[in-house]
1. I'd like the full set of residues that are touching a residue at least 24 places away in the same chain (Cβ under 8 Å) and surrounded by fewer than 18 Cβ atoms within 10 Å (Cβ to Cβ), limited to segment 535-548.
2. Those residues that are outside any loop (DSSP other than H, G, I, E, B) and either of a type in the set (Gly, Ala, Ser) or in contact with a His (Cβ under 6 Å, 6 or more places away or on another chain) (or both), I need them from segment 501-512; list them, please.
3. Consider only pairs whose beta carbons are under 7 Å apart and that are at least six residues apart or on different chains; among these, list those whose first residue lies in segment 172-187 and is under 17 Å from residue 123 (Cβ atoms) and whose second residue is part of a loop (DSSP other than H, G, I, E, B).
4. Going through 557, 567, 531, 495 one at a time, which residue ends up being touching a residue at least 24 places away in the same chain (Cβ under 8 Å), open to solvent by less than 30 Å² (accessible area, probe 1.4 Å) and more than 30 Å from residue 366 (Cβ to Cβ)?
5. List every residue pair whose Cβ atoms lie under 8 Å apart, where the two residues are 6 or more positions apart in sequence or sit on different chains, the first residue falls within segment 403-419 and is open to solvent by 40 Å² or more (accessible area, probe 1.4 Å), and the second residue, located anywhere, is among the acidic types (Asp, Glu).
6. Please verify whether residue 347 is closer than 25 Å to residue 506 by Cβ, of a type in the set (A, V, I, L, M), open to solvent by less than 30 Å² (accessible area, probe 1.4 Å) and in contact with a helix residue (DSSP H, G or I) (Cβ under 7 Å, 6 or more places away or on another chain), treating the condition exactly as stated.
7. May I ask you to list the residues in segment 67-88 that are open to solvent by 10 Å² or more (accessible area, probe 1.4 Å) and not in a loop (DSSP other than H, G, I, E, B)?
8. If the Cβ limit is 8 Å and pairs must be 6+ apart or interchain, which residue in segment 498-523 that is in contact (Cβ under 8 Å) with a residue 60 or more places away in the chain pairs with which residue that is of a type in the set (Asp, Glu) and in a helix (DSSP H, G or I)?
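The values are calculated or read from the model by the stated rules, or taken from the named source; none is laboratory data. Small disclaimer: the values here were computed from a predicted structure and weren't measured. Neighbour counts run over all protein chains shown; Cβ positions are idealised from the backbone, glycine included. Calculation scope for accessible area: heavy atoms of the full protein, side chains included, ligands and nucleic acids excluded. Shrake-Rupley method; radii C 1.70, N 1.55, O 1.52, S 1.80 Å.
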Amino acid sequence: MKKNIFGMVTLLSVLALAACGGNSGGTDSSGGSNSATETEDISSMPVEVKNDAEAIKGGTLDVAVVMDTQFQGLFQTEFYQDNYDSQFMQPSNESLFLTDADFRIVDGGAANLKLDEDNNTATITLRDNLKWSDGEDVTADDVIFSYEVIGNKDYTGIRYDNNFTNIVGMEDYHDGKSDTISGITKESDKVVKIQYKEVHPGMMQAGGGIWSSALPKHAFEGIAVKDMESSDPVRKTPIVFGPYVMSNIVAGESVEYVPNEYYYGGKPKMDKLSFKAVPAASIVEGLKAKQYDLALSMPTDTYQTYKDADGYQILGRPEQAYTYIGFKLGTWDDKEGKVNYNPESKMADKSLRQAMGYALDNDAVGSRFYNGLRSNATTLIPPVFGTLHDTEVKGYTQDIDKANKLLDDAGYKDVDGDGMREDKNGEKLTINFASMSGGETAQPLADYYIQQWNEIGLDVKYTTGRLIDFQAFYDKLKNDDPEIDVYQGAWGTGSDPSPTGLYGPNSAFNYTRFESDENTKLLKAIDSKDSFDEAKRKEAFDAWQEYAADEAFVIPSLYRNQVLPVSNRVKDFTWAYDADHNPWATVSVIAERSRQLRGNLLGGATDFRPVGPDCRGFP
């Protein structure tokens, strides 16, 4: 008999409903308070601030980054790894390229890009007035230096993947056979040409195969590549070419910014920006007290508690992200820089993985936990990518009978009569599940997943016995902790729909460690020259989505929308993906804060609890 997450009169049901509840809303027949009964239409929300009042000169903008952990503080694009550092880098670290509504690279940004399909080359031309925040020119040497750092054998980051090995001469450079990358040439002080083994249409997407950052070579003089991640130019005094520059960093807690006087887009309007890490438990009260002008990474599970916050307007947009269930299927080979798939791993039988997908009702989760701001996911290419999302793939919706049959047919039987299935050899089967702590929903949602897997006879227990802090969670995934068999994570996809950077055999982000000849072949088809034909590109994306859904090495669970509370004090800010400028360069305010309120704000929200979010950044 199917059980319903919200209709069961159990302790789990009460926890789930309370997590969605807050102090407003109706009641459920189970007795739990539940406010998440209204669903929101993200398409009706604005993406730009509406404010006709006149802006004051200067002022300070106070921004909350909602997080229940401390940020790592890796403030160069070559080295950062998670969504939080990315949030803190927004005002300072700008991409080389500007993009349109389809996330395609267009002219007009810090640099222009020209792709030559016939000759397999890309030409990057920096604008003449592009300078670093210390006044030095951004040059071709800085662009090349970024490639040299990522390609160096001592590089400690996670960006070296197929996009870099596709460059002629990169592998010889990485292996120490050459002191330079033969396929990268400096045409002039402002022009770099890159020779690729093969070009594909994804290279015209932001983050789609052509690296979109430069690294100030002069700032790293005398610093070995192996030491760069811990160096001052990464952690304490990053030199950038965005509209603002970091002026004061309190490790793990806050960052202050002042205008970059050399910014090519003209002088920014604010005197100072103040970004502060704020726990999810504190942010709603902070908004009610009007402490913050914007709140980034705002949790959607508590949307009802702040949707009508006085003095704020709510911006909304589809998120370039999805939540997923991942299965550990191997390890990462650091020396070879590739996945080692283990066909004998505990979760290697795809029938087992598929059954776990069919046990879950993510439509109900999205509606009741997230006010409809999340919805059941079907493929690993989210709908934000338009026609490349395959609507024919239905994914995994709850079907307990089908889940049980899959397990029965695969040989997972309850041999000893305790209600839990043994493995195919009749031995005890315990599946270790890792999920992140953070926010009101994390625990009841993870409890629900475990309950549903128990219902189909799978003995699933928490890795470490509890939810895991964000940083510790990803450390365990990256290091292939043997205590993790299944995990719940989330990916920010960035602006490139190609899944190769997440699921390719040479991608360090491929945390499941799944690899097959067919998977590699299908990914190569997506990133091939044939895909310049739009019909063939669509065909390649569809074929991979269908294959990935069947193999279920990752099961997408929720598509996500995001919301951004913005104070009525704010003017000239856009959240549109296709903005033709850096929004932090133009943001302004119409009034200054009171001295008393500023004092309260700068007192700091430092109540960091050992909890974390459910989203992982990916450039």
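1. Going residue by residue through segment 535-548, those that are touching a residue at least 24 places away in the same chain (Cβ under 8 Å) are 537-538, 541-542, 544-548.
Once the filter is applied, which keeps residues that are touching a residue at least 24 places away in the same chain (Cβ under 8 Å) and surrounded by fewer than 18 Cβ atoms within 10 Å (Cβ to Cβ), segment 535-548 yields 538, 546, 547.
2. First, the residues of segment 501-512 that are outside any loop (DSSP other than H, G, I, E, B): 501-503.
Correct list: 501 only.
3. Short answer, once both residue conditions are applied: 181/169; 182/168; 182/169; 183/168; 183/169.
4. Criteria check complete, one pass: 531.
5. So the pair list comes out as 413/422; 414/422; 415/422; 416/422.
6. So residue 347 fits the description; yes.
7. Result: 83, 86, 87.
8. So the pair list comes out as 514/551; 516/551.
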